[in-house]
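The values are calculated or read from the model by the stated rules, or taken from the named source; none is laboratory data. Remember, predicted model here, so these are calculated numbers, not experimental data. Ideal geometry is used to build each Cβ from the backbone, glycine not excepted, and the neighbour counts take in all protein chains shown.
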Amino acid sequence: MGTEEQDSSYPNLDEQEPLKQHRGSHINPYEHLQIQLNPDGSLTRLADLPTLEASMDDPYGDTRSILSKDVTLNPEKKTWLRILRPKTDDLQPGLRLPLVMYFHGGGFMFSTAGTVFCNNLCERAARLVPCIVVSVSYRLTPENRLPAAYEDADDALMWLKQQAMDNDGGEPWLREIADFSRILMFGWNSGANIAFHARLRALGLDIGPLKILGVMMTQPLFGGEERTHSDLKYADDQVLPLTVSDLVWELALPLGANRDHEYCNPWASPELIQKLRKMGKVLIRGYGGDVTIDRQRKLVELLVINGANVVARFDDVGFHGIDLIDSRRAVITLNYLKDFINSTSSDDSN
C-alpha cells in the first residue's frame, strides 16, 4: 500500500510570505458562474454550454470514430446515461472491454453527459484505453442537493447489475462486449467527488456479479471550513476562485450543513474513514497550480494511512481544469487511466 508520484515536488508554502485571508474576496461568484439564484432555491443558468448529440442521433455521426447512444436511467428523476464504445471494426473478435463509469464535473450544478467537453473526454477514453464508457447524467444542485447525485450513482450501478444479469435482453452493447468484472469509477472535479462517494456507497450495495476495480479521481473537489495554503494562494484563480468554491458547496450541501460535512470533508467522518481500505485501487491526478491541490495531497495521505492502495500522479505545472483545454494533458491523464485499468485485475476488486 503506498503512493507513486510523478513530478510531485512543489514549493513549500510554509516558507513563503503569509497569505492574506481576504485575497480573492472581490470576485462575485454569481457573476463568475453566470447564474442567478431564484426565490424557490433553483438556479437560472445564463451560460449556454455547448452540447453534442450521441453519435446514433447525430446525422454526421459516421464521421466520429466512437459510437454512442443515450439511455434513460430513471424517468422520474430525469436521469440518463450516455454509453460510448469503439466501433466493431476496431475491436478484436471476442474481446471484452473494461467498463468505465464516468461522472462529469461542473461544480455539481452544470453540465450533462452530452456537454461537449464531457462527451469528448469520454470519446477519447473509449478510443484510447479502449473501453466502454457509461457517462452518468446525474441530478444537479441546488435543485437536487447532495446526496441526490450519489443516489443517482447508486441507480447507475444497479442498472449495470441488471444488464449483467440479463442474458437474453438488456443493453446489447454491454451484453456483447462489456467485461462486468472490470469496472472502474472515474470522475473530474465534482464528478471525482461523486466517484469517491459512489465507490464507498457501493460497499453497502449488493452489486454482484459486478466487480469494481477501484476509482480514479482527476482534480477531485473536496473542502472544509479550515483554509489550506492553496485555497489562499489561488483565491483569485481565474477558473475556480475561492468565493466560487465556497458558493459551490453552499448550493450543493444539505441545507444547514457547513463545509465540514462528510460530503465535502471526508476527514471529518470517522465512519467514512473506516471504509477507505476497502475501496480497492485509487488513482488521484492533480496539478500544482490548482486551488484544490492541497486537499488532493491530503486525500492521498488519508488513504495511505488508512490502508488504501493509492497511486498519485501530480504535475508541478497546471491549473484547475487544464485537461479540458489542453489535449496533450488530457491524453496523458487518459493514459494513466489505461495503465490503471491494465495493471488492476478483477482479483483486486471487492
Restricting the stretch 228-239 to residues that are assigned to a loop (DSSP other than H, G, I, E, B) and modelled with pLDDT under 95, the one surrounded by the fewest Cβ atoms within 10 Å (Cβ to Cβ) turns out to be 238
Any residue at all in the stretch 136-143 that's under 30 Å from residue 244 (Cα atoms), out of contact with any strand residue (DSSP E or B) (no Cβ under 6 Å at 6 or more places or on another chain), without any contact (Cβ under 8 Å) to a residue 40 or more places away in the chain and not in a helix (DSSP H, G or I)?
yes
Residue check, residue 323 against (1) over 25 Å from residue 98 (Cβ atoms); (2) in contact with a helix residue (DSSP H, G or I) (Cβ under 6 Å, 6 or more places away or on another chain); (3) of a type in the set (Asp, Glu), all met but one. Which one?
(1)
From (1) over 29 Å from residue 32 (Cβ atoms); (2) of a type outside the set (A, V, I, L, M, F, W, C); (3) out of contact with any Leu (no Cβ under 7 Å at 6 or more places or on another chain); (4) in contact (Cβ under 8 Å) with a residue 60 or more places away in the chain, pick out the condition that doesn't hold for residue 301.
(4)
If you go through 101, 109, the only one that is surrounded by 16 or more Cβ atoms within 10 Å (Cβ to Cβ), of a type in the set (A, V, I, L, M, F, W, C) and outside any strand (DSSP E or B) is 109
Checked the stretch 334-350 for anything touching a helix residue (DSSP H, G or I) at 6+ places or on another chain (Cβ under 8 Å), within 26 Å of residue 275 (Cβ to Cβ) and modelled with pLDDT of 95 or more; matches are 337
Which of the residues belonging to the stretch 243-298 are in contact with a His (Cβ under 7 Å, 6 or more places away or on another chain), in a helix (DSSP H, G or I) and over 24 Å from residue 139 (Cα atoms)?
294
Taking only pairs six or more apart or across chains, which ones have beta-carbon atoms under 8 Å, a first residue in the stretch 185-213 that is without any contact (Cβ under 8 Å) to a residue 40 or more places away in the chain, and a second residue that is crowded, with 19+ Cβ neighbours inside 10 Å and among the basic types (Lys, Arg)?
none
The stretch 299-329, residues that are in a loop (DSSP other than H, G, I, E, B) and either surrounded by 23 or more Cβ atoms within 10 Å (Cβ to Cβ) or of a type in the set (A, V, I, L, M, F, W, C) (or both):
308, 317, 319, 320, 325
Which numbered condition residue 266 misses (of (1) touching a helix residue (DSSP H, G or I) at 6+ places or on another chain (Cβ under 7 Å); (2) surrounded by fewer than 22 Cβ atoms within 10 Å (Cβ to Cβ); (3) within 30 Å of residue 37 (Cβ to Cβ); (4) modelled with pLDDT of 95 or more)
(2)
Return the residues of the stretch 157-196 that are buried (at least 24 other Cβ atoms within 10 Å of the Cβ) and farther than 28 Å from residue 89 by Cα; say none if nothing qualifies.
187, 188, 189, 190, 191, 192, 193, 194, 195, 196
Counted residues, the stretch 32-50 - those being over 21 Å from residue 115 (Cα atoms) and among the charged types (D, E, K, R)
1
